[in-house]
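Values in this text are rule-based calculations from the coordinates and carry no lab data. Every value quoted in this text rests on a predicted model; they were computed, and no experiment measured them. Reconstructed Cβ throughout: ideal geometry from the backbone, glycine too, with neighbour counts over all protein chains shown.
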Amino acid sequence: TARAEPDATIRSFEPAIDAEARRQRELERDLRAAIADGALTLHYQPQYRLRDHALVGFEALLRWHHPERGMIPPGDFIPLAERSGLIIPLGAWVLRAACAEAARWPAPVRVAVNLSPAQFRHGGLVGTIADALATHGLPGHLLELEVTESLLQRDAAETERLLRAIRGLGVSIAMDDFGTGWSSLAHLWRFPFSKLKIDRAFIRDLGHDPRLSAIVATIVGLGRILGMTVVAEGVETDEQARLLAQEGCDQVQGWLYGRAMPAEEARALIAAQSDANQRKVA
Ligand code: C2E
Ligand code: MG
Ligand code: MG
Ligand code: MG
């Protein structure tokens with residue numbers, strides 16, 4: 001009959017939809033278990049001041065070693081964690097783990113932690129941050145939180161209140177992936193950001209397209225006017241570094257300087273750097 005046709009068409013897609021739904025459910029179950037079992041780890045990517053190449057901080061980045069699927073990058077499971085609500089316990093764990101690690105670093109180097117908008121919608125974020133600092137005795141100024149422009153899309157007054165409460169703990173706030181999202185100068189001006197991270201998309205073709213140098217120069221100028229530190233992310237080549245220095249960018253992060261590394265390596269890097277500084281002073 002005429003009615004059987006569309007039904008048959010729909011049914012033929014069901015196995016694929018089922019398989020994808022099943023995969024998602026399995027992944028969610030595995031992620032839940034991974035959080036409970038402590039199977040997630042943080043790697044740390046160094047950030048350098050461009051002027052004198054001083055090591056100024058590390059960004060904590062989540063890594064999940066899945067028993068069967070191998071290394072799952074955060075881009076594949078953070079969205080799942082956000083959809084399922086798992087981002088709340090996961091985000092709290094990341095904050096505690098990063099603060100615990102930074103508190104034992106051999107020199108006062110800042111740790112940066114990424115936050116999802118969902119963590120702002122869930123009450124208790126400020127308390128979670130305060131607890132993570134207090135439990136491990138990390139001074140607030142050694143913690144930086146990275147948020148993206150998508151955070152600013154929702155209830156601006158409430159977001160501003162939370163960001164100011166976080167600043168009240170001495171913690172600094174960076175605008176991550178700047179220039180790719182829902183940016184508005186009004187928001188930049190209104191919210192208490194201390195840092196702008198220029199998105200990798202702008203850095204990638206720096207050196208190939210002179211207009212990108214102008215964009216970078218504009219962001220650097222904007223940061224200067226607003227009293228914010230400007231960081232370039234995804235720096236991979238000497239040529240990009242040279243152009244960033246020329247435009248007056250403050251800090252850099254990228255494979256040219258170092259990939260995200262296990263905690264022990266980050267600690268060793270800080271120790272080596274502070275030894276070198278002591279030798280310079282002596
Ligand atoms: P992001 O915060 O913008 O982090 C920078 C990403 O760029 C990282 O990818 C880093 O490994 C990568 N990267 C750094 N330098 C270079 C470079 O020179 N070249 C290239 N091609 N890539 C570079 P990763 O670790 O895969 O993280 C992806 C995203 O996942 C992060 O982007 C962040 O949005 C999210 N994420 C990671 N950890 C967490 C977390 O603990 N919580 C939340 N909410 N999100 C996280
Ligand atoms: Mg980030
Ligand atoms: Mg980023
Ligand atoms: Mg990014």
Taking amide H atoms as placed 1.01 Å from N in the peptide plane, list the residues 5 or more away in sequence, or in a different chain, whose amide H sits under 5 Å from that of Asp250. Val230
Please report, in whole Å³, the volume per residue of the convex hull around the C-alpha atoms of region 215-282. 118 Å³
For Leu226 and Ala214 in one chain, what is 0.36 nm times their gap in residues minus the Cα-Cα distance, to one decimal in nm? 2.5 nm
At a 10 Å Cβ-Cβ cut-off, how would you order Arg211, Arg32, fewest neighbours first? Arg211, Arg32
So, relative contact order of region 107-190 in percent, Cα under 8 Å, 6 or more apart, is 34 percent
Å³ per residue enclosed by the Cα convex hull of region 172-230: 75 Å³
From the backbone phi of region 143-153, what are the Karplus-calculated ³J(HN,Hα) couplings (6.51 cos²θ - 1.76 cosθ + 1.60, θ = phi - 60°) in whole Hz, Gly and Pro given as x? 10, 10, 10, 9, 10, 9, 4, 4, 4, 7, 6
Let me make sure I get this right: for region 56-123, a, b and c are the square roots of the gyration tensor eigenvalues over alpha carbons, sorted descending. Under 1.5 in a/c it's rounded, otherwise prolate if a/b > b/c, else oblate. Which is it? oblate
Within 10 Å of each residue's Cβ, count the other Cβ atoms and sort Leu143, Leu169 from fewest upward. Leu169, Leu143
Just want the ordering: Glu146, Glu160, from fewest to most Cβ atoms lying within 10 Å of their own Cβ. Glu160, Glu146
If a/c stays under 1.5 just call it rounded; otherwise compare a/b with b/c (prolate if a/b is bigger, oblate if not). Do that for region 168-282, with a ≥ b ≥ c from the square roots of the Cα gyration tensor eigenvalues. oblate
What per residue convex hull volume, in Å³, comes out for region 27-143 when only alpha-carbon positions are used? 119 Å³
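Could you pull out the trypsin sites (Lys or Arg not before Pro) across region 42-104 that fall in loop regions by DSSP (anything but H, G, I, E, B) with no more than 14 other Cβ atoms inside 10 Å?
Taking region 42-104 and a limit of 14 other Cβ atoms within 10 Å, the loop trypsin sites (Lys or Arg not before Pro) found are Arg51, Arg69, Arg104.
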Cα centroid distance between region 135-150 and region 214-246, in Å? 22 Å
Where both residues lie in the chain, what percent of DSSP beta bridges are antiparallel, nearest 5? 40 percent
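Would you mind calculating the relative contact order of region 178-282 from Cα pairs under 8 angstrom and at least 6 residues apart, reporting the percent as a whole number?
Here the relative contact order equals 23 percent.
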Stokes-Einstein D in µm²/s, Kirkwood radius over Cα pairs - the chain at 37 °C with 0.692 mPa s viscosity: 159 µm²/s
Compute the semi-axes of the equivalent ellipsoid of region 14-95, taking the square root of 5 times each eigenvalue of the Cα gyration tensor, and list them largest first in whole Å. 31, 13, 11
Rel. contact order, % - alpha carbon contacts under 8 angstrom, at least six apart, the chain: 19 percent
Helix 263-281 axis, angle to the chain major axis (alpha carbon atoms, nearest 10°): 10 degrees
Hey, how many Å between the Cα centroid of region 28-65 and the Cα centroid of region 68-134? 9 Å
